[in-house]
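The values are calculated or read from the model by the stated rules, or taken from the named source; none is laboratory data. Keep in mind it's a predicted model, so treat the numbers as computed, not measured. All Cβ positions, even for glycine, are placed from backbone atoms using ideal geometry, and neighbour counts span all protein chains on display.
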Amino acid sequence: MFHTSPPPFARDGFVTLEVGDLATARTAAAAAALGGFTAVLLSPVGAASFMGVKWWRAIISALTSDGAVNESARNDISERHDFIDILDCDRFAGHAATALAAGQERIVLHPSCPQIRSIEVLAESLGRHVLRDRPNAIVVTPSMTAEDVLTLLPRSDVAAGPHGQRAVRTA
């Protein structure tokens, strides 16, 4: 399945956070727990090409095995989850195909990729998702705490969280 309009998680209660390693992914997950929203963990632009699919899958696997968070493999995302993840493949169809074959549920593939339609067909056959447009994201840096992340959120992003929570400034 591919998305030319906003994907199902692009609504209140979901906040997209760009993470580049396990530490920032843990910070993002902690911010989500503290703020009462579901984190959409997004890799850096083109990370599949310069860090690799295995790198991203290892981060997600380690984060899931922490026991504090649960990865959502659901397509409809109709109930509360701690995070979902998206690997950015930029314009690289080979990395996109590798990611999908490795079990990656959601990828970003730039619409200028010559093989984008083939990758979308592959994703659809596997029940996975290709986003043509990279979601806007807050970049989580290594020096940030979960509370720091919350201070960067527009209140409208979490005002209607799945359980009615509101992120508040804690400092």
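For region 79-121, taking the residues that are in a strand (DSSP E or B) and of a type in the set (D, E), the one that is nearest to F37 (Cα to Cα) is identified as D85. Applying the selection to region 114-132, what residues are surrounded by 15 or more Cβ atoms within 10 Å (Cβ to Cβ) and touching a strand residue (DSSP E or B) at 6+ places or on another chain (Cβ under 8 Å)? Within region 114-132, I116, I119, E120, A123, R128, H129, V130, L131, R132 qualify.
Across region 93-113, the qualifying residues are those that are more than 14 Å from S49 (Cα to Cα) and of a type outside the set (A, V, I, L, M, F, W, C), and the one among them that is surrounded by the fewest Cβ atoms within 10 Å (Cβ to Cβ) is S112.
Would you pick out the residues in region 122-156 that are small (G, A, S), in a loop (DSSP other than H, G, I, E, B) and free of Cβ contacts under 8 Å to residues at least 60 places away in the same chain? Write out each step before concluding.
Step one: list which residues in region 122-156 are small (G, A, S), which gives 123, 125, 127, 137, 143, 146, 156.
Add one more test, that the residue is in a loop (DSSP other than H, G, I, E, B), and what stays is 127, 137, 143.
If the condition is that a residue be small (G, A, S), in a loop (DSSP other than H, G, I, E, B) and free of Cβ contacts under 8 Å to residues at least 60 places away in the same chain, then S143 is the only one that fits.
Answer with yes or no whether I116 is under 17 Å from T16 (Cα atoms) and either of a type outside the set (D, E, K, R) or at pLDDT below 95 (or both). So I116 fails the test.
Taking region 36-53 as the search range and keeping residues that are out of contact with any Phe, Trp or Tyr (no Cβ under 6 Å at 6 or more places or on another chain) and crowded, with 21+ Cβ neighbours inside 10 Å, which one is nearest to G13 (Cα to Cα)? By that ranking, first place goes to F37. Within region 1-11, can one find any residue that is among the β-branched types (V, I, T), within 27 Å of R91 (Cβ to Cβ) and at pLDDT below 90? Yes, the conditions are met somewhere in region 1-11. One residue stands out in region 9-19 among those that are surrounded by fewer than 16 Cβ atoms within 10 Å (Cβ to Cβ) and in contact (Cβ under 8 Å) with a residue 24 or more places away in the chain: the one that is farthest from L150 (Cα to Cα), namely A10. Could you pull out the residue among L63, L22 that is out of contact with any Gly (no Cβ under 6 Å at 6 or more places or on another chain), surrounded by 17 or more Cβ atoms within 10 Å (Cβ to Cβ) and farther than 20 Å from P135 by Cα? None of the others qualify; the one that does is L63. Only a single item in (1) out of contact with any strand residue (DSSP E or B) (no Cβ under 7 Å at 6 or more places or on another chain); (2) modelled with pLDDT of 95 or more; (3) farther than 17 Å from N136 by Cβ is not met by D90, and it is number (3).
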